[in-house]
Amino acid sequence: MVAGATGLSGYAVGYEPFSVTETRYRLTPPGWPRGLRVTLAVLADIHACEPWMSAGHIRAIVARTNALAPDATLLLGDYVVAHKWIFGRVPSGDWARALGALTAPLGVHAVLGNHDWWDDPIAQLRGAGPTESGTALGSVGIQVYENDVMRLTKGGQGFWLAGLGDQYALRNRGRRHGGRGLDDLPGTLAKVTDNGPVVLMAHEPDIFPRVPPRVALTISGHTHGGQIRVMGHIPFKPYGRTEPYAYGHFVERGTDRFPGVERNLIVSGGLGCSGLPVRFGAMPEIVVIELGDGGTMS
């Protein structure tokens, strides 16, 4: 028993957090234009630190992502370390330069996560950006969205990419989830000026029950897939109100708020760790989403 426990601990701390897999989803949301095929690569919850997510490890993830040749790459926030069990911090300039090597024909797009705000005392005092993480990403040419949208075009057909402000950005007397968010979903969607489909980047999936059918797909991170999964079950509740949406592809039809319609959410398991540098049964992942090929595979 001691040997088994030691082996499992070694795996959960020394192997799985350093590993990376690819998880693919293929879907055609309702109303997606015929013939518009878009491949998105998604990187979430990097949590840069030594040794589990060093700048070198991030560069390797970037190279692997570029090799997938996505049309666009989406970064879903939480670039900074989120636990104290580290050998050293990775400066924002170092992890940003590593991410700056990402390439895609339709660009690299980012939102910020709660830890990018919580780890920035000046932004917390100000109650507003810019944040160190956002500035670092901007310095390497990565577009950072906070309640904003951009229209992208492929093959003469357009769609919208929207990025939501973080839902837990400002702490309330140190409470992790009792503070004020900077998200403005109605204001963000009001910036969409035509009938093209919308892909929404939201760091936390908590917003999903309020996302209208106007949004073809919501993509989130934050939960780390529970970080520990045993036979598909998550023994520890992901923090926040994310429990129903801990990991994977969710299709909701006919809710009280939106009766008779289908809405889609994909929650990435992310790449880094929070709380403890431990992953078990929740392999760090690069998510690849293929939209508009007529498929429904998840």
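The values are calculated or read from the model by the stated rules, or taken from the named source; none is laboratory data. Predicted model, so just to flag it, every value in this text is computed and none were measured. We place every Cβ from the backbone using ideal geometry, glycine too, and count neighbours over all the protein chains shown.
Are any of the residues in the range 55-73 in a strand (DSSP E or B), in contact with a strand residue (DSSP E or B) (Cβ under 9 Å, 6 or more places away or on another chain) and either modelled with pLDDT of 95 or more or over 21 Å from G292 (Cα atoms) (or both)?
Start the filter on the range 55-73 by keeping residues that are in a strand (DSSP E or B), which leaves 72-73.
From what is left, the residues that are in contact with a strand residue (DSSP E or B) (Cβ under 9 Å, 6 or more places away or on another chain) are 72-73.
From the residues that got through so far, the ones that are either modelled with pLDDT of 95 or more or over 21 Å from G292 (Cα atoms) (or both) too are 72-73.
So far as the range 55-73 goes, yes, one or more of its residues are in a strand (DSSP E or B), in contact with a strand residue (DSSP E or B) (Cβ under 9 Å, 6 or more places away or on another chain) and either modelled with pLDDT of 95 or more or over 21 Å from G292 (Cα atoms) (or both).
From the list R97, R37, R64, R59, exactly one residue is under 30 Å from T193 (Cβ atoms), basic (K, R), out of contact with any His (no Cβ under 9 Å at 6 or more places or on another chain) and in contact (Cβ under 8 Å) with a residue 24 or more places away in the chain. Which is it?
Numbers: R97 fails: under 30 Å from T193 (Cβ atoms); R64 fails: under 30 Å from T193 (Cβ atoms); R59 fails: under 30 Å from T193 (Cβ atoms).
Selected residue: R37, the only one of R97, R37, R64, R59 that is under 30 Å from T193 (Cβ atoms), basic (K, R), out of contact with any His (no Cβ under 9 Å at 6 or more places or on another chain) and in contact (Cβ under 8 Å) with a residue 24 or more places away in the chain.
Considering only residues that are assigned to a strand (DSSP E or B) and either among the acidic types (D, E) or surrounded by fewer than 18 Cβ atoms within 10 Å (Cβ to Cβ) (or both), which ones fall in the range 251-287? Please lay out each step first, then the result.
Just the residues of the range 251-287 that are assigned to a strand (DSSP E or B), to begin with: 251-253, 262-267, 274, 280, 285-287.
Within the range 251-287, V251, E252, R253, E262, E285 qualify.
Rundown of residues vs (1) over 18 Å from V38 (Cβ atoms); (2) surrounded by 24 or more Cβ atoms within 10 Å (Cβ to Cβ), yes/no style:
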{"residue": "I58", "(1), (2)": "yes, yes"}
{"residue": "A72", "(1), (2)": "no, no"}
{"residue": "G88", "(1), (2)": "yes, no"}
{"residue": "S92", "(1), (2)": "yes, no"}
{"residue": "R126", "(1), (2)": "yes, no"}
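If you check V149, V199, V144, V140, which single one turns out to be modelled with pLDDT of 95 or more, surrounded by 17 or more Cβ atoms within 10 Å (Cβ to Cβ), within 15 Å of L75 (Cα to Cα) and in contact with a helix residue (DSSP H, G or I) (Cβ under 6 Å, 6 or more places away or on another chain)? Please lay out each step first, then the result.
Numbers: V149 fails: in contact with a helix residue (DSSP H, G or I) (Cβ under 6 Å, 6 or more places away or on another chain); V199 fails: in contact with a helix residue (DSSP H, G or I) (Cβ under 6 Å, 6 or more places away or on another chain); V140 fails: surrounded by 17 or more Cβ atoms within 10 Å (Cβ to Cβ).
Every option except V144 fails the conditions.
In this structure, does L112 turn out to be on the phi < 0 side of the Ramachandran plot and not in a loop (DSSP other than H, G, I, E, B)?
Details: on the phi < 0 side of the Ramachandran plot: yes; not in a loop (DSSP other than H, G, I, E, B): no.
Against the criterion (on the phi < 0 side of the Ramachandran plot and not in a loop (DSSP other than H, G, I, E, B)), L112 does not qualify.
All but one of (1) surrounded by 15 or more Cβ atoms within 10 Å (Cβ to Cβ); (2) part of a loop (DSSP other than H, G, I, E, B); (3) free of Cβ contacts under 8 Å to residues at least 40 places away in the same chain hold for W160; which doesn't?
Unmet for W160, out of (1) surrounded by 15 or more Cβ atoms within 10 Å (Cβ to Cβ); (2) part of a loop (DSSP other than H, G, I, E, B); (3) free of Cβ contacts under 8 Å to residues at least 40 places away in the same chain: (2).
Go through (1) modelled with pLDDT of 95 or more; (2) among the charged types (D, E, K, R); (3) touching a helix residue (DSSP H, G or I) at 6+ places or on another chain (Cβ under 9 Å); (4) part of a strand (DSSP E or B) for R171 and report which single condition fails.
R171 satisfies every listed condition except (1).
Answer yes or no: is there a residue in the range 185-198 that is part of a loop (DSSP other than H, G, I, E, B), of a type in the set (G, A, S) and closer than 30 Å to A67 by Cβ. Spell out the reasoning first.
As a first pass, look at the range 185-198 and keep what is part of a loop (DSSP other than H, G, I, E, B): 190-197.
Now restrict to residues that are of a type in the set (G, A, S): 190, 196.
Still in the running and closer than 30 Å to A67 by Cβ: 196.
Yes, because at least one residue in the range 185-198 is part of a loop (DSSP other than H, G, I, E, B), of a type in the set (G, A, S) and closer than 30 Å to A67 by Cβ.
Tell me which of these P105 doesn't satisfy, since it passes every other one: (1) within 14 Å of C49 (Cα to Cα); (2) surrounded by fewer than 20 Cβ atoms within 10 Å (Cβ to Cβ).
Unmet for P105, out of (1) within 14 Å of C49 (Cα to Cα); (2) surrounded by fewer than 20 Cβ atoms within 10 Å (Cβ to Cβ): (1).
Please determine whether any residue of the range 216-231 is in a helix (DSSP H, G or I), at pLDDT 95 or above and under 18 Å from P29 (Cα atoms). Can you show your working first?
So in the range 216-231, the residues in a helix (DSSP H, G or I) come out as 224-226.
From the residues that got through so far, the ones that are at pLDDT 95 or above too are none.
There is no residue in the range 216-231 that is in a helix (DSSP H, G or I), at pLDDT 95 or above and under 18 Å from P29 (Cα atoms).
Given the conditions (1) of a type in the set (D, E); (2) touching an Asp or Glu at 6+ places or on another chain (Cβ under 6 Å); (3) part of a helix (DSSP H, G or I), report the number of the one that D78 does not fulfil.
For D78, the exception is condition (3).
Restricting attention to the range 1-29, which residues are within 23 Å of the chain's Cα centre (by Cα), modelled with pLDDT under 95 and not in a helix (DSSP H, G or I)?
Start the filter on the range 1-29 by keeping residues that are within 23 Å of the chain's Cα centre (by Cα), which leaves 12-13, 15-29.
Restricting the remaining residues to those that are modelled with pLDDT under 95 gives 12-13, 15-19.
Listed by number, the residues that qualify are Y15, S19.
Going by the conditions given, is K154 under 24 Å from G129 (Cβ atoms) and modelled with pLDDT of 95 or more? Write out each step before concluding.
On the way: under 24 Å from G129 (Cβ atoms): no; modelled with pLDDT of 95 or more: yes.
No.
Kindly list the number of the only condition in (1) on the phi < 0 side of the Ramachandran plot; (2) under 17 Å from the mean Cα position of the chain (by Cα) that fails for N147.
Among (1) on the phi < 0 side of the Ramachandran plot; (2) under 17 Å from the mean Cα position of the chain (by Cα), N147 violates only (1).
Can you find, within the range 77-97, the residue that is modelled with the lowest pLDDT among those that are farther than 18 Å from G270 by Cα and either in contact with a Lys or Arg (Cβ under 9 Å, 6 or more places away or on another chain) or of a type in the set (K, R) (or both)?
K84
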